[in-house]
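Undergrad: My questions will all concern the structure given below.
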Amino acid sequence: MTKILIAEDDDHTRDALREVLTMEGYEVIPASDGLQAVDFFRAENPDFVCLDVMMPGLNGYEVCKQIRRQDEKVPILFLTAKAEEIDTVLGLELGADDYMTKPFGVKEIIARIRAILRRTASRGGGRTDDDFMMDDLRVVPTELRAYREKAEIALSPRDVKVLRLLYERRGKVIDRNTLADEVWGVDYFPESRALDQHISQLRKRIEKDPAQPRIIRTVHGAGYRFE
């Protein structure tokens, strides 16, 4: 199911969009201000973002900047009551895919969202089903790479397996035996330190601060966990 983040401070508009898009089969993540939108984007990894421009906390332009620092591909549609050309240009220059001015019709915004999703998918600009976010790190298994803002991090197939397992079981502790069985398989020996050494090296490449990891956290005496 395609996941759409709607950042809109007007309750009526936000609720109406949530109802309409849910009826169309989308999963909707509503945010009432810019700060909440940034938090939800990092936590929920949406496939599409609708941003109101004038919001408390952070305005839509600032939210767009923060999203683009960690994800260059997710489609972004600005929603605003401001129709001046300069605002349209600014939004597009910041990385938005399109711009709609209020008021707009239900059929119009659904058609616009579908058109943007088709366009970004056809040019290879949309996120694939395989990509996933871990904190501010975007993991792209098909490329064997991860991205943080403008930085590109090379990954091995084994790195991807470790990260995917932690991501799919986020919030749960994965013990060393489970990690070893699912990632190393028959080549792993319980007495080997290969797993711990691999985790240590992977942390050095993907964590902002390997001494205080946010992606691969050690649960002493139990295993590893991604929140």
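The values are calculated or read from the model by the stated rules, or taken from the named source; none is laboratory data. Everything numeric in this text was worked out from a predicted model, so none of it was measured. Note that we place each Cβ from the backbone using ideal geometry, even for glycine, and neighbour counts take in every protein chain shown. Surface accessibility is based on the protein's heavy atoms, side chains included, excluding ligands, DNA and RNA. Shrake-Rupley method; radii C 1.70, N 1.55, O 1.52, S 1.80 Å.
Undergrad: Considering only the stretch 174-184, state which residues are open to solvent by less than 30 Å² (accessible area, probe 1.4 Å) and part of a helix (DSSP H, G or I).
TA: We begin by selecting, within the stretch 174-184, every residue open to solvent by less than 30 Å² (accessible area, probe 1.4 Å); these are 174, 179-180, 183-184.
Residues satisfying the conditions are Leu179, Ala180, Val183, Trp184.
Undergrad: Also: Identify the residue in the stretch 142-173 that is more than 16 Å from the chain's Cα centre (by Cα) and part of a loop (DSSP other than H, G, I, E, B) and, among all such residues, is surrounded by the most Cβ atoms within 10 Å (Cβ to Cβ).
TA: Leu155
Undergrad: Collect the residues in the stretch 92-108 that are modelled with pLDDT under 85 and among the small types (Gly, Ala, Ser), keeping them in residue-number order.
TA: Gly95, Ala96, listed by residue number.
Undergrad: Of the residues in the stretch 1-25, how many are touching a residue at least 60 places away in the same chain (Cβ under 8 Å) and among the hydroxyl-bearing types (Ser, Thr, Tyr)?
TA: 2
Undergrad: Then there is this: May I ask you to verify whether Ala211 is closer than 30 Å to Lys65 by Cβ, at pLDDT 85 or above and in a strand (DSSP E or B)?
TA: no
Undergrad: Check whether at least one residue in the stretch 198-208 is over 18 Å from Asn45 (Cα atoms), open to solvent by less than 40 Å² (accessible area, probe 1.4 Å) and either without any contact (Cβ under 8 Å) to a residue 12 or more places away in the chain or in a loop (DSSP other than H, G, I, E, B) (or both), and report yes or no.
TA: There is at least one residue in the stretch 198-208 that is over 18 Å from Asn45 (Cα atoms), open to solvent by less than 40 Å² (accessible area, probe 1.4 Å) and either without any contact (Cβ under 8 Å) to a residue 12 or more places away in the chain or in a loop (DSSP other than H, G, I, E, B) (or both).
Undergrad: Moving on. Which of the residues belonging to the stretch 94-123 are open to solvent by less than 60 Å² (accessible area, probe 1.4 Å), of a type outside the set (Val, Ile, Thr), in a helix (DSSP H, G or I) and more than 14 Å from Leu21 (Cβ to Cβ)?
TA: Across the stretch 94-123, the qualifying residue is only Ala115.
Undergrad: Which pairs have Cβ atoms under 7 Å, sit 6 or more apart or on different chains, and link a residue in the stretch 43-58 that is within 13 Å of Arg14 (Cβ to Cβ) and open to solvent by less than 30 Å² (accessible area, probe 1.4 Å) to one that is among the β-branched types (Val, Ile, Thr) and modelled with pLDDT of 90 or more?
TA: Listed by first residue and then by second, the contacts come to Cys50/Ile4; Cys50/Ile6; Leu51/Val63; Leu51/Ile76.
Undergrad: Same structure, new question: Among the listed residues Arg68, Arg127, Arg114, identify the single one that is farther than 22 Å from Asp11 by Cα, within 16 Å of the chain's Cα centre (by Cα) and at pLDDT 85 or above.
TA: Being farther than 22 Å from Asp11 by Cα, within 16 Å of the chain's Cα centre (by Cα) and at pLDDT 85 or above holds for just one of Arg68, Arg127, Arg114, which is Arg68.
Undergrad: Return yes or no: is Leu195 at pLDDT 85 or above, out of contact with any Pro (no Cβ under 8 Å at 6 or more places or on another chain) and not acidic (Asp, Glu)? So that I can check it myself, show each step before the final result.
TA: Working: at pLDDT 85 or above: no; out of contact with any Pro (no Cβ under 8 Å at 6 or more places or on another chain): yes; not acidic (Asp, Glu): yes.
No, not satisfied.
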